[in-house]
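Reviewing the structure listed below.
No lab work stands behind these numbers, since they all come straight from the coordinates. The shown structure was predicted, so the numbers you read here are calculated from the model rather than taken from an experiment. No Cβ is skipped: glycine too gets one built from the backbone with ideal geometry, and neighbour counts run over all protein chains shown.
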Amino acid sequence: MKRRTLHYVSAFIILGVYGGQVCPFLDSLTVLQLVIPIFVTMGLLYLVQVTFLNGIAERTSLKHQSRRVFQLELGSFITAGTIVMIFNTVYYHFPLSSGLKVVLGLCLMGFFAAIDLSLEKEWLLNKKFEATGERIEPDLIFFSHPKKLVFFSSMSMFLTAGVIFLVINKDLDWMATVGRDIPVKTAQRYILTEIAFVVGVILLYMFNVIYSYSRNFRNFLSHETVVLQKATTGNFEAFVPVSSNDEFGVMAKHTNLMVEGLKKSTEELQQTRDITILSLASLAETRDNETGNHIIRTQLYVRALAVHLQEHPDFKDYLSDDIVELLHKSAPLHDIGKVGIPDHILLKPGKLSEDEFEIMKSHTTLGGSSLEIAADRLGTNSFLNLAREIALTHHERWDGKGYPLGIKGDDIPISGRLMAVADVYDALISKRVYKEAFSHDKACRIITEWQGVNFDPRMVKAFFAIEDQFLEIAGEFQDNTT
């Protein structure tokens, strides 16, 4: 609204102040005789535009609203010039050439105003779509930007040349009639000032259009850049507002389709990965005395501990949301190495001999090695690194007496320390062929005794802070004993 008002006021002032300088017939009128018809005409058409024509533009389909704004605004200015021309011709008996000068002047200003307001409409639609997620469907055939550039340049040159011609023609007439009695330098200064004023006004209009266009272009490129940058990091939630029925709209549309396709493909790959992980982990568990629910419980325990420790000063820099999610996905592979343990050891119901236990302990290195081979073949990534860490180090002890590496304290990866607490707790509360299930309270007492021995004390403290969550997980995913 403000921008439209400014254009109408500017056109009234420029035509009212300078119209007489272009046309000697207009110059013969008094100030009131000149400005009143222009003021009344521009005012009435402004009201028609605001109350009626603006509604027509709003009811036009979204992808054509910008074009409709251009048509209605340019039509209003041309209509204003035509009305003033007819009034002067009928009332003052001015020749048609005088009226056409007014029409040309308002056509020039209306052309720039219409383009500017059309670009503003695109800008407003873009902001609206950015907030609501609404999109237009660009036409297969549209008015392309090269064509727009040719149209804008051609019309600008044609209208500007027409106005400059009128100014020069009027000045030549002035020189032929009264200019002979004026010093040459004075006449020269007068003419140059007049031409400079006209050129300055035209340049201001052109710069304003260039600014409006560059603002829209910059906004489009900014959205495209942000969406593509986010997509390269795995964030597929952003989108480019599709708000113009041209190349930019088509590019925005296909950028969004590309990102949505990548999102769908990534989700399918992640789902396939998750299913594969659970299948492999379940295969390992079915060869053991444990159940598939052990996989689900331990990965939920790990996630609960990791989420709680995100605020801990010693872990917050490491436990980002992405790492917590990867820990949750990787946890089921902690015992994948058991696939390589012979059945007579893995399924033995009694206590293992020393030699058998040494073989059993090798499931950590078997799991770590297999995941390392996968990383070498598929390319190292954070998921495989975490899965390998968990498989290799979840039996390490805080005091350094664990296996297979015998590392201690903070040298044990955080992922291994988290898995150690989760795995032992679940083993304690679960029934095995060689033991009955312990109660939660008894499991807690054992974990307390092993604090600072088997487990990182900070992990144990986190465990007791959220033990209700452990109880809830254990209850929801308890083993089917029937």
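Taking the Cα centroid of the stretch 93-116 and of the stretch 65-82, what is the distance between the two, rounded to the nearest whole Å?
For the stretch 93-116 versus the stretch 65-82, the Cα centre distance is 12 Å.
I need the GluC sites (Glu not before Pro) found in the stretch 365-451, filtered to DSSP loop residues with at most 15 other beta carbons within 10 Å of theirs.
Details: sites: GLU372, GLU389, GLU396, GLU436, GLU449; in loops: GLU396, GLU436.
Counting only loop positions with at most 15 other Cβ atoms within 10 Å, the GluC sites (Glu not before Pro) in the stretch 365-451 are GLU436.
Given labels modelled 7 Å from the Cα in the Cβ direction, how far is it in nm from LEU149 to LEU221?
Here the answer is 1.3 nm between the modelled labels.
So if I take the centroid of the Cα atoms in the stretch 128-149 and the same for the stretch 392-441, what is the distance between those two points in Å?
59
Ranked by Cβ crowding within 10 angstrom, fewest neighbours first, how are LYS431, LYS253, LYS329, LYS338 ordered? Spell out each step's value before the answer.
Values: LYS431 13, LYS253 16, LYS329 19, LYS338 23.
Going from least to most buried by this count: LYS431, LYS253, LYS329, LYS338.
Angle between the Cα long axis of helix 145-177 and the longest principal axis of the chain, 0 to 90 degrees, nearest 10?
20
Mind giving me the nanometre distance, one decimal, between the label points for GLU137 and ILE446, set 7 Å out from Cα along Cα→Cβ?
That separation, rounded to one decimal, is 6.3 nm.
Send over the semi-axes of the stretch 287-476's equivalent ellipsoid, whole angstrom and largest first, taken as the square roots of 5 times the C-alpha gyration tensor eigenvalues. The partial results should precede the final answer.
Details: eigenvalues 108, 94, 49 Å².
They are 23, 22, 16 Å, listed largest first.
Among VAL302, VAL259, which comes first, second and so on when ranked by fewest other beta-carbon atoms within 10 Å?
With the sparsest Cβ surroundings first, the list reads VAL259, VAL302.
Summing -39500 (n - 2.57) over the DSSP H runs of n ≥ 4 in the chain and dividing by its residue number, what mean residue ellipticity at 222 nm do you reach, to the nearest 500 deg cm²/dmol?
Value at 222 nm, helices only, nearest 500: -25000 deg cm²/dmol.
Which of the peptides 156-169, 139-152 is most tightly packed, and how do the rest follow, judged by the mean count of other Cβ atoms within 10 Å per residue? Write down the numbers at each step before the final one.
Numbers: 156-169: 15.1, 139-152: 11.7.
Descending mean neighbour count gives 156-169, 139-152.
Which one is right for this structure if Kirkwood radius over Cα pairs in Å is calculated from it: [x] 23.7; [y] 30.9; [z] 29.4?
Step by step, Kirkwood radius over Cα pairs in Å for this structure corresponds to label [z].
Which entries of LYS264/LYS361; LYS127/LYS316; LYS329/LYS361; LYS128/LYS329; LYS253/LYS316; LYS263/LYS431 show an alpha-carbon separation above 31 angstrom in the structure shown? The partial results should precede the final answer.
Working: LYS264/LYS361 41 Å; LYS127/LYS316 37 Å; LYS329/LYS361 23 Å; LYS128/LYS329 39 Å; LYS253/LYS316 39 Å; LYS263/LYS431 42 Å.
Beyond 31 Å between Cα atoms: LYS264/LYS361; LYS127/LYS316; LYS128/LYS329; LYS253/LYS316; LYS263/LYS431.
Among THR41, THR393, what is the fewest-to-most ranking by other Cβ atoms within 10 Å?
THR41, THR393
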